[in-house]
Every structure is written in C-alpha cells, then in structure tokens.
Amino acid sequence: MNVRAAPTGGLRIPPVVLKVLITVAVGTTAYVISNLIAPAQEDLWQLALAVVIGGSALIVQYMVDFEERLGALENGQRQHRSELTELVDQGFRQVGEVTDLFGRLEDSGMPSGEVKRLARSAAQVGSQGQAFMKEFARAEIERLASMMTALASAHGDWPGENSDLLIALARCARKSVYATSSYIDLDFWETATAKYYLDVQREAIQRHGVQIRRLFIVQDPGDVSASLDKLLEQQRGAGIEVGMVILSELSPDIRVGETLDVVIFDDALCFEITTDVQQLNPNARLDARQDKVARRKARFEHLWDARTAR
C-alpha cells in the first residue's frame, strides 16, 4: 500500500484505499451488530447483510465524491466563463477604442493609413529582437507622441535648437513665413544645415508662392559688416524679402518691445529659440495659441516697418 506523508507532517492515505477501509469497517460493524441482535440467524444471512451495508456505504462515498467533483467542475466552468467573458469584453473594448480612434483620425483629415504603417513597422522592429533597434524605435515613438501632445495642447518646449523641426515646419508652410534673426545667429547661416534650410524656403516660394520675410537684428551700426551684407544678398537671391533693424536707432516705443529669434508660420504657429543670460543652452519652443501668435506677428510688423533701408 502506497502511503505518503501529508504536507502537515502526518500520513496521507490514497482516496481509493480510504474508501475500501471505510467500506470494510462499515461491513464489519454491520456484521458484528447483526450477530449481537440475532445470534441465532445463519452466518450466511449476516454476511450478506454486512456486504449489502458495506456496498451501500461504498456507493454513498462515491456519490458524495462525485457530487463534490461535479460542484468543483461547475465552479471551475463558472470561473472560466467569467474569465472568458471578461477577455471578450476587454477585446471588444479595445477594438471599439481603436475603431473610435481611427474614425476620429479620418474625420479630422489625418492620414490613418500612415498611423497603421507606423504601428505595423514598430511591431516589426520590436519582433526582430535587437535591443538597440528596439530602444531607438521606442525613443522615436516617445518623441513623436510628445510632439503630438504638444501640438494638441498648442505649445511645447524642447532642449536644443531643433533645426530639424524648424526645417520640417518650413516645408509645411503654404502662406507665409515671418522670421527675425539676431546678429548672434549669423554663424548659423554658414552651416550646411542653414544652406539646406535656405533651399527648403526657396522651394516653398517657387512651388507654393509662400511669402517669406526675414528681419536681421543688430545692436549698433558698427555691427553691420560685409558678411552681413553678403548674407542679405544671399537671402534675396533665394526670393526672400529681407530687412535689417538697428536697435540703437529705433524709437523708444519700439525698442522697449520684446525682441526674440522667432519664426511665424502661416500666422498659425510660432517657433522660438530662447537662451540663458549668457546666450547659451538654447531651447526651442512651439506655440500655437492664437493670442501669442498675434502678439508675435504684431511685434514683427512693427520691427519690419522700422527696418533700415539696405
């Protein structure tokens, strides 16, 4: 007989063996009792009675065991149905949410096909198993999500000058680009990025008829140099209307206004570069709040009207 130790430290008797022992015990007890009650009866009758009672006890044990197992099975099925129902409901909720999102995308004029392509490509990169590719893809998705969140809230800030963002905005312009450029920013126009930015603006003028005005700002007449004159001619050659403002020569009511490096796209969005007091640690800011855009546009027009003939 296979008897094992129970988890609590005692002996664990297998259920079948336990049933047999109980049956034998009940039959033996019935045989003894029948001997005491009717000792004169034949042994065969007493033995048959004991067997019937023992068999009945065995049947009752199996019926009780069957009922317990049936109850456990029903409970398990109920739990399984509940979990399955929850999974199905969760799946339908997710499908409904995705359907609603894509419906809102299409209603807003956004390219839902490109969103599908993004999700499909991201899943493909994730399944390739390359840690660096996954990390880079995750960073790009987070960057895009941050950009969309900023656009939805009409403003956002990013560290650095974000020249790529500036070029992307210029490529999307269809009406106008009004920009101010400080004298400190002249070094930027000698870089390869600036030359590409100028090509994008030239294409916007030629292909879409975008009006582009750029105002260069210097502090004093002594800051006007041959390199600045050359830059002005280069900008004009690209079709850009250019002007120059000398702050020290402005009337007090115009000079006291805020003067920043700012680009206004289609009278809808401002791109600003801010720095600390040492002109270091630049930060890029997007702002689509209409009151802010209107103030920046009005300030640009005041400076444009006060520009120096050059």
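The values are calculated or read from the model by the stated rules, or taken from the named source; none is laboratory data. No experiment lies behind these values; they were computed from the predicted model shown. Using ideal geometry, Cβ is built from the backbone for each residue, glycine included, and neighbour counts are taken over all protein chains shown.
For F102, the conditions (1) surrounded by 11 or more Cβ atoms within 10 Å (Cβ to Cβ); (2) at pLDDT below 80; (3) not in a helix (DSSP H, G or I) are fulfilled apart from (3). With respect to (1) touching a residue at least 40 places away in the same chain (Cβ under 8 Å); (2) more than 35 Å from the chain's Cα centre (by Cα), the lone exception for D157 is condition (2).
Among all positions in segment 292-304, there is no residue which is part of a loop (DSSP other than H, G, I, E, B), among the aliphatic types (A, V, I, L, M) and out of contact with any Asp or Glu (no Cβ under 6 Å at 6 or more places or on another chain). One residue stands out in segment 61-99 among those that are at pLDDT 70 or above and among the acidic types (D, E): the one that is nearest to G113 (Cα to Cα), namely E97.
Contact map, segment 221-250: residues that are without any contact (Cβ under 8 Å) to a residue 12 or more places away in the chain paired with residues that are surrounded by fewer than 14 Cβ atoms within 10 Å (Cβ to Cβ), Cβ distance under 7 Å, separation 6+ or inter-chain. No pairs are found.
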